[in-house]
Amino acid sequence: MEQKAVKDIKNEIENAADNEIESVLKLYENDPRKSVLNLIEKKRKQIKKLEDERIRIYNMQSFEREYENYELICGIDEVGRGPLMGPVVTAAVCMPKDIFIPWVNDSKKLSEKRRDELFDIIKEKAIEYSIGMVWQDEIDEINILNATKKAMKEAVNTLPKRPDVLLIDAVHLDDMDMKQVSIIKGDANSFSIACASILAKVTRDRMMDEYDKEYPMYDFKSNKGYGTKKHIDALKEYGPCPLHRKSFIKNLI
């Protein structure tokens, strides 16, 4: 009997349904060709990696399972507390229960490419989401912690539906009449908060890319507003732009 071509076996493996893939692999695991055995080994490594990822995501959803009796669980996170310029940006997102989106994690642990991919997936799969911002002038006026809390409230209050419980990264919000759960390192330990961290991070980073075109001397595209040497040197040479937080740069120039 003539052997099936390697390229056909590759297509068969790549197109097999999840409930059929193991039987397809077994069908060819005694094939004498090294190229076929390599295809099988590669696919089994991919399957194992995805199984490990399912376990990791399941463990990240422990807080979501703890509060599963609440209808709408909202994860909240921020980005931009440390930069010298621009807004602090927050995201509030309600994800379907028991959803599996591989590779979701604290946005700081992800590559820009991965964040961009997950940004679109999270927005598509979310029950609802919203973004909140407080800009540099108000940050100077009320301080960064209060500005962060205000931006978080804005994100929650502009959601289409009122959430029933808030999972928040290490912050408690005053004057909110729903249950709140403050989670230390929430962006790494809660799936919902990690999703929010990705939405907030990508939103702010894309804003910084646009501001870089307007103020190229500060290198916002690379530093995202943080106080790198190039950024601080530009501040000393050119002075601040309207986006800079005066309270953050007063000792730098």
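The values are calculated or read from the model by the stated rules, or taken from the named source; none is laboratory data. Here the structure is a predicted model, which means the values were calculated and not measured. With ideal geometry, Cβ positions are generated from the backbone for all residues, glycine too; neighbour counts draw on all protein chains shown.
How many of the residues in the range 166-192 are surrounded by fewer than 22 Cβ atoms within 10 Å (Cβ to Cβ) and closer than 12 Å to residue 73 by Cα?
4
Residue by residue, here is whether (1) over 30 Å from residue 250 (Cβ atoms); (2) assigned to a loop (DSSP other than H, G, I, E, B); (3) among the aromatic types (Phe, Trp, Tyr); (4) touching a residue at least 24 places away in the same chain (Cβ under 8 Å) holds:
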position: 69; (1), (2), (3), (4): yes, yes, no, no
position: 82; (1), (2), (3), (4): no, yes, no, yes
position: 91; (1), (2), (3), (4): no, no, no, yes
position: 97; (1), (2), (3), (4): yes, yes, no, yes
position: 101; (1), (2), (3), (4): yes, yes, no, yes
position: 105; (1), (2), (3), (4): yes, yes, no, yes
position: 113; (1), (2), (3), (4): yes, no, no, no
position: 118; (1), (2), (3), (4): yes, no, no, yes
position: 123; (1), (2), (3), (4): yes, no, no, yes
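Testing residue 145 on (1) within 19 Å of residue 64 (Cβ to Cβ); (2) of a type in the set (A, V, I, L, M); (3) surrounded by fewer than 14 Cβ atoms within 10 Å (Cβ to Cβ), one condition comes back false. Which one is that?
(1)
Answer with yes or no whether residue 208 is out of contact with any Pro (no Cβ under 6 Å at 6 or more places or on another chain) and within 24 Å of residue 138 (Cβ to Cβ).
On the way: out of contact with any Pro (no Cβ under 6 Å at 6 or more places or on another chain): yes; within 24 Å of residue 138 (Cβ to Cβ): yes.
Yes; evaluated as a whole, the condition is true for this residue.
Quick one: is residue 115 under 14 Å from the mean Cα position of the chain (by Cα), modelled with pLDDT of 95 or more and either within 18 Å of residue 194 (Cβ to Cβ) or not β-branched (Val, Ile, Thr) (or both)? Even if it seems obvious, please write down each step before you answer.
Working: under 14 Å from the mean Cα position of the chain (by Cα): yes; modelled with pLDDT of 95 or more: yes; either within 18 Å of residue 194 (Cβ to Cβ) or not β-branched (Val, Ile, Thr) (or both): yes.
Yes; evaluated as a whole, the condition is true for this residue.
Show the residue pairs meeting these rules: Cβ distance below 6 Å; 6+ apart or different chains; first residue within the range 201-224 and on the phi < 0 side of the Ramachandran plot; second residue of a type in the set (A, V, I, L, M) and part of a helix (DSSP H, G or I).
Qualifying pairs under 6 Å: 217/234; 218/234; 220/208.
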